[in-house]
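First up is the structure itself, then whatever we jot down about it.
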Amino acid sequence: QVQLVESGGGSVQAGGSLRLSCAASGRTFRPAVFAWFRQTPGKEREFVSAIRWGGGAAEYAESVQGRFTMSRDNRKNTVYLRMDSLEPEDTAIYYCALQSLGRSTYDIWGQGTQVTVSG
């Protein structure tokens, strides 16, 4: 099966930037869509961004539009999330998720990476 490992989280001052990475590995790798979600304690999981592995532009939640940029590197089996102009409201655990070809849900999830933004 495929394993997803996020990295790049940390603590940053408001207005700063971070770049998250999500590396995929495994015997079988048939991705259709990669996505980023985030969640804080006591709140619902929130969609952040998604991109199709085969091509096309990334899509973003309104809350991060214009500040976050999702990209992919098919040769490295890796997706990225560049986060600029970070705000305290962006503080969350960020999860990478994969929708495999032939599946209708995000069936593979990473363990998450913590992002903390101080005012």
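The values are calculated or read from the model by the stated rules, or taken from the named source; none is laboratory data. All figures in this text were calculated on a predicted structure; none of them were measured in a lab. No Cβ is skipped: glycine too gets one built from the backbone with ideal geometry, and neighbour counts run over all protein chains shown. What goes into the accessible areas is simple: the full protein's heavy atoms, side chains included, and nothing from ligands, DNA or RNA. Shrake-Rupley method; radii C 1.70, N 1.55, O 1.52, S 1.80 Å.
As a summary of the residue check, G119 satisfies the conditions (1) surrounded by 13 or more Cβ atoms within 10 Å (Cβ to Cβ); (2) touching a residue at least 40 places away in the same chain (Cβ under 8 Å) except for the one numbered (1). A single member of S49, S63, S85 is touching a helix residue (DSSP H, G or I) at 6+ places or on another chain (Cβ under 9 Å) and of a type outside the set (A, V, I, L, M, F, W, C), and it is S63. Would you point out the residue of the range 1-58, among those that are aromatic (F, W, Y) and without any contact (Cβ under 8 Å) to a residue 60 or more places away in the chain, that is nearest to L86 (Cα to Cα)? Going through the qualifying residues, I end up with F47. Within the option set Y106, Y95, being touching a Gly at 6+ places or on another chain (Cβ under 8 Å) and either loosely packed, with under 13 Cβ neighbours inside 10 Å or closer than 21 Å to T28 by Cα (or both) holds for one residue only, Y95.
Among the residues of the range 40-65, those that are open to solvent by less than 60 Å² (accessible area, probe 1.4 Å), small (G, A, S), more than 12 Å from the chain's Cα centre (by Cα) and under 19 Å from G102 (Cα atoms) comprise G55, G56.
Out of curiosity, is S71 surrounded by fewer than 19 Cβ atoms within 10 Å (Cβ to Cβ) and either within 12 Å of the chain's Cα centre (by Cα) or not in a loop (DSSP other than H, G, I, E, B) (or both)? Taking the combined requirement at face value, the residue satisfies it.
Which numbered condition trips up A61, out of (1) touching a residue at least 60 places away in the same chain (Cβ under 8 Å); (2) more than 18 Å from Q3 (Cα to Cα)? The one condition A61 does not meet is (1). When L86 is tested against (1) surrounded by 15 or more Cβ atoms within 10 Å (Cβ to Cβ); (2) within 21 Å of Q111 (Cα to Cα); (3) at pLDDT 95 or above, just one condition goes unmet, and that condition is (2). Scanning the range 53-68 for residues that are aromatic (F, W, Y) and either at pLDDT 95 or above or not in a loop (DSSP other than H, G, I, E, B) (or both) yields Y60, F68. Counting just the residues of the range 1-39 that are part of a loop (DSSP other than H, G, I, E, B), at pLDDT 95 or above and at negative phi, which one comes out surrounded by the most Cβ atoms within 10 Å (Cβ to Cβ)? That would be G9.
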